[in-house]
Each structure stands twice: as C-alpha cells, then as structure tokens.
Amino acid sequence: QVQLVESGGGLVQPGVSLRLSCAASGVIFSLNTMGWYRQAPGKQRELVATATWTGVTVYADSVKGRFTIFRDNARNTVYLQMNSLKPEDTAVYYCNLEQGGRPSWGQGTQVTVSS
C-alpha cells in the first residue's frame, strides 16, 4: 500500500509562483516514477509532469518552461514548482506514483489562478 499526501495548493493571481509537494509513504520501491496530473472542471485528467527515480523528466507542452518537477528520493517526495501561472492552469492537481506497473494517487490539491 502506498499513501500520497499533497500540499501547497491555493488561490493565486496570474503571474505568480506556487510550489506543490507530495510525500509518499508505505511500501516504496526504487526505480519508481512520480508525477503530477491535473483535472480542470469538465475536462479529463491530463499529465503535467513526471520524473523517474533517476531524474528523467517529461512535461506537457502547456507547462514547458514554466513548471519544474524535482524529487527528493531520500524523502520519497516530489515537488512541482509552478511559475508564471495562468488562469488556464486552474485545476485539481493529483500526485501519482507508479511502481511495478501499479499507479497510486493522492487526494488532490486545488490550484486556482484568478485575478
């Protein structure tokens, strides 16, 4: 069993920065992939960014150059640094961990970008 707890969401104005954190606990193996997905109202959940245990990253085109994903493997924690936030970034952000072909999800944290 894996538990994921996200934090760091909130209501911010366009152009500012926000950092999300996700701490994993339970049975954690090496060589996993951790990442962030988001779901806006009325839309499907979409990939934001992922990072492998060795640091290989993947980003959605919509966030490239603005968001950075990084991990602390010793703490089983993944972060998402979000800069230059836009209203279209408004969504519930979910943390994800994949190991052994099985995904685990956090409960989600709301990010709202509005003036």
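The values are calculated or read from the model by the stated rules, or taken from the named source; none is laboratory data. Quantities reported herein were computed from a predicted structural model and do not represent experimental measurements. Positions of Cβ are generated from backbone atoms using ideal geometry, with glycine treated the same way; all protein chains shown enter the neighbour counts. Heads up: the accessible areas ignore ligands, DNA and RNA and are worked out on the full protein's heavy atoms, side chains in. Shrake-Rupley method; radii C 1.70, N 1.55, O 1.52, S 1.80 Å.
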| field | Accessible carbon and sulfur surface of the chain relative to its total accessible area, %, 1.4 Å | value | 50
| query | What shape does segment 23-67 take by its C-alpha gyration tensor, where a ≥ b ≥ c are the square roots of the eigenvalues and a/c under 1.5 counts as rounded, a/b above b/c as prolate, and the rest as oblate? | reply | oblate
| note | Within segment 1-55, DSSP-loop chymotrypsin sites (Phe, Trp or Tyr not before Pro) with at most 12 other C-beta atoms within 10 Å are Phe29
| task | Could you give the size of the charge dipole of segment 22-115 about its Cα centre, using +1 on the Cβ of each K and R and -1 on the Cβ of each D and E, expressed in debye and rounded to the nearest 20? | result | 20
| said: Can you pull out the trypsin sites (Lys or Arg not before Pro) in segment 1-99 whose DSSP state is coil and whose Cβ has at most 13 other Cβ atoms within 10 Å? | reply: Lys43, Lys64
| task | Translational diffusion coefficient, Stokes-Einstein: compute it for the chain using the Kirkwood radius over C-alpha pairs as Rh, at 25 °C and 0.890 mPa s, and state it as an integer in µm² s⁻¹. | result | 175
